[in-house]
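Below is one structure, written out as structure tokens; comments come after it.
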Amino acid sequence: MKILLPPSETKRPGGSGPAFDPAALALPSLLPQREAVIDALVALAADADASRRVLKLSERQAGEVAHNRMLRSAAVMPAIDRYTGVLYDALDAAGLDAAGRRWLRDHVLIHSAPFGPVGALDGIPPYRLAAGTSLPGIPPLRRHWADAVTGALTGEGFVLDLRSEAYVALGPVPASVPSAYVRVVSDGGRALNHFNKKAKGALVRRLASERPRVRSLEGLLRWADDAGVPLREAEQGVLELVGEA
């Protein structure tokens, strides 16, 4: 099983080790698309005013431009630790034991806007780019990424898609790959927005802690039933995860 997670706008600063190497990321077939977005971000960062306008940054966020300017030379940290916010707080990757983190390495991809899907333990630098941003010099991100990401996901086995719709658009799971999209609802079936990220993070943490051998939708639902996880099939290809309202 592979799990696709969305990124977070908020990121932990700093890093260690060697400078960022896009060629070392998961799904290496995406390197040309990654290089093109990185080049465009670095070029845009040479003009602070243009960067703030394109990236929709406030004056208080102006320092984020420097992250993009230094993409190729910045120190890195594992993607699962780089991202912060509600989903990643609930997942609490730093609190997992070594076996749990290895499980994340083997089973989780985080879909970033500049790098496409990256492995949970792939080293990435801090950056600023949202899925809906139009970067000078390259096509809209949806057109830039979608076909390449869909092709890269071919052959991944069963895929559990926890991404937001904006990131699904940057690379739909191919029709040939068995998959399920997760939406978070209340007990009554009402979609939950505020609690959706927390529920998704908690689900991935539970999986990383228990490390079930899941190879299919049926296997995932069996594990959820045995574990008391409120996950149910709503329609073909869509699962509902009951979150706290």
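Only one entry of Leu87, Leu104, Leu109 meets the criterion of being assigned to a strand (DSSP E or B), within 13 Å of the chain's Cα centre (by Cα) and closer than 22 Å to Pro212 by Cβ, and that entry is Leu109.
In segment 36-49, of all residues being without any contact (Cβ under 8 Å) to a residue 60 or more places away in the chain and either assigned to a helix (DSSP H, G or I) or in contact with a Phe, Trp or Tyr (Cβ under 8 Å, 6 or more places away or on another chain) (or both), the one that is nearest to Gly116 (Cα to Cα) corresponds to Val42. Based on this model, can you work out whether Glu35 counts as surrounded by fewer than 16 Cβ atoms within 10 Å (Cβ to Cβ) and closer than 22 Å to Ala146 by Cβ? So Glu35 passes the test. Would segment 45-52 turn up any residue that is surrounded by 16 or more Cβ atoms within 10 Å (Cβ to Cβ) and within 16 Å of Pro126 (Cα to Cα)? Yes: one or more hits.
Return a yes/no flag: does segment 72-79 have any residue that is crowded, with 20+ Cβ neighbours inside 10 Å, more than 30 Å from Arg215 (Cβ to Cβ) and out of contact with any strand residue (DSSP E or B) (no Cβ under 9 Å at 6 or more places or on another chain). Checked segment 72-79: no residue is crowded, with 20+ Cβ neighbours inside 10 Å, more than 30 Å from Arg215 (Cβ to Cβ) and out of contact with any strand residue (DSSP E or B) (no Cβ under 9 Å at 6 or more places or on another chain).
For segment 128-151, a residue qualifies if it is surrounded by 21 or more Cβ atoms within 10 Å (Cβ to Cβ) and within 15 Å of His111 (Cβ to Cβ), and the qualifying residues are Leu129, Leu141, Trp145, Val149.
In segment 152-245, counting only strands (runs of 3 or more DSSP E) that sit wholly within it, the ones holding 2 or more residues that are out of contact with any Phe, Trp or Tyr (no Cβ under 6 Å at 6 or more places or on another chain) and open to solvent by 80 Å² or more (accessible area, probe 1.4 Å) span 231-235.
The values are calculated or read from the model by the stated rules, or taken from the named source; none is laboratory data. Worth saying up front: this structure is predicted, and the values here are computed from it rather than measured. In this analysis, Cβ positions are derived from the backbone assuming ideal geometry, glycine residues included, and neighbour counts consider all displayed protein chains. For the accessible areas, the whole protein counts, side chains as well, though only heavy atoms, and no ligand, DNA or RNA atoms are used. Shrake-Rupley method; radii C 1.70, N 1.55, O 1.52, S 1.80 Å.
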